[in-house]
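These notes are about the structure you will find just below.
The values are calculated or read from the model by the stated rules, or taken from the named source; none is laboratory data. Being a predicted model, the structure only gives us computed values, none of them experimental. Every residue, glycine as well, gets a Cβ built from its backbone with ideal geometry; the counts of neighbours run over all protein chains shown. Just the protein is used for accessible areas: all its heavy atoms, side chains included, with ligands, DNA and RNA removed. Shrake-Rupley method; radii C 1.70, N 1.55, O 1.52, S 1.80 Å.
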Amino acid sequence: MTTSRNGEKPIIHVIDTEADALYELAMSIEERSPDVAGKLCEELDRANVVAAEDLPHDVVTMQSEVEFVDERSGERRKVQLVWPRDANLDQNRLSVLTLVGAGLIGMQAGSAINWPDRSGKERCLRIVEVRQPTLADRAA
């Protein structure tokens with residue numbers, strides 16, 4: 001398992017075509033949700049930006065289904081990371097514009113990151129499994 005060492009965050013990967021859209025999205029909510037916008041931009045700034053065909057198959061992208069564990073609570077969740085317009089918690093469709101969503105983008109199966117929750121407390125999110133979207137899902 002890849003974990004943060006000495007407070008360093010794990011390497012993340014973002015698809016080039018998604019990176020620009022994610023930056024624009026973060027900028028659009030900067031006044032309304034500065035905490036989420038700031039965290040998402042921090043993650044994008046440190047991401048290894050790659051073409052979709054060069055992305056490891058087990059990296060969280062938009063439309064990916066992600067199973068992760070909150071190491072603090074032991075809670076295990078399976079969500080699909082989606083654009084805000086597609087978010088629906090009843091269907092486990094988590095917006096990238098949530099703190100957890102911003103923390104998941106670019107993470108690889110087996111890696112973990114210390115990440116704040118809405119109350120500001122740090123928790124360790126560990127990626128258990130990632131299932132990539134179909135080409136039709138990615139185009140949507």
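Residue-wise test of (1) among the hydroxyl-bearing types (Ser, Thr, Tyr); (2) in contact with an Asp or Glu (Cβ under 7 Å, 6 or more places away or on another chain); (3) at pLDDT below 95.
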| site | (1), (2), (3) |
| --- | --- |
| Pro10 | no, no, yes |
| Cys41 | no, no, yes |
| Val49 | no, yes, no |
| Pro56 | no, no, yes |
| Glu65 | no, no, no |
| Phe68 | no, no, no |
| Gly74 | no, no, yes |
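Every listed requirement among (1) outside any loop (DSSP other than H, G, I, E, B); (2) open to solvent by 10 Å² or more (accessible area, probe 1.4 Å) is met by Leu97 save one, (1). If you check Ser28 against the conditions, is it surrounded by fewer than 16 Cβ atoms within 10 Å (Cβ to Cβ) and polar (S, T, N, Q)? In short, yes. The condition of being over 10 Å from the mean Cα position of the chain (by Cα), at pLDDT 95 or above and more than 23 Å from Val128 (Cβ to Cβ) holds for Arg85.
The residues in the stretch 32-53 that are touching a residue at least 40 places away in the same chain (Cβ under 8 Å) and in a loop (DSSP other than H, G, I, E, B) can be counted, and the count is 2.
Of the residues in the stretch 39-73, how many are small (Gly, Ala, Ser) and open to solvent by 30 Å² or more (accessible area, probe 1.4 Å)? So that I can check it myself, show each step before the final result.
So in the stretch 39-73, the residues small (Gly, Ala, Ser) come out as 47, 51-52, 64, 73.
Applying the additional criterion that residues be open to solvent by 30 Å² or more (accessible area, probe 1.4 Å) yields 52, 73.
So the answer is 2.
Against the list (1) open to solvent by 10 Å² or more (accessible area, probe 1.4 Å); (2) in a helix (DSSP H, G or I), the condition Ala19 fails is (1).
Would you check if there is a residue in the stretch 74-94 being polar (S, T, N, Q), open to solvent by less than 20 Å² (accessible area, probe 1.4 Å) and not in a loop (DSSP other than H, G, I, E, B)? Show your work before the answer.
First pass over the stretch 74-94, keeping only residues polar (S, T, N, Q): 80, 88, 91-92.
Now drop any that are not open to solvent by less than 20 Å² (accessible area, probe 1.4 Å), which leaves none.
Taking every residue of the stretch 74-94 in turn, none turns out to be polar (S, T, N, Q), open to solvent by less than 20 Å² (accessible area, probe 1.4 Å) and not in a loop (DSSP other than H, G, I, E, B).
Within the stretch 54-73, does at least one residue satisfy the condition of being among the hydrophobic types (A, V, I, L, M, F, W, C) and without any contact (Cβ under 8 Å) to a residue 40 or more places away in the chain? No; the residues of the stretch 54-73 include none that is among the hydrophobic types (A, V, I, L, M, F, W, C) and without any contact (Cβ under 8 Å) to a residue 40 or more places away in the chain. Here Pro116 passes the criteria (1) more than 11 Å from the chain's Cα centre (by Cα); (2) in contact (Cβ under 8 Å) with a residue 60 or more places away in the chain; (3) within 16 Å of Leu40 (Cβ to Cβ); (4) open to solvent by 30 Å² or more (accessible area, probe 1.4 Å) except the one numbered (4).
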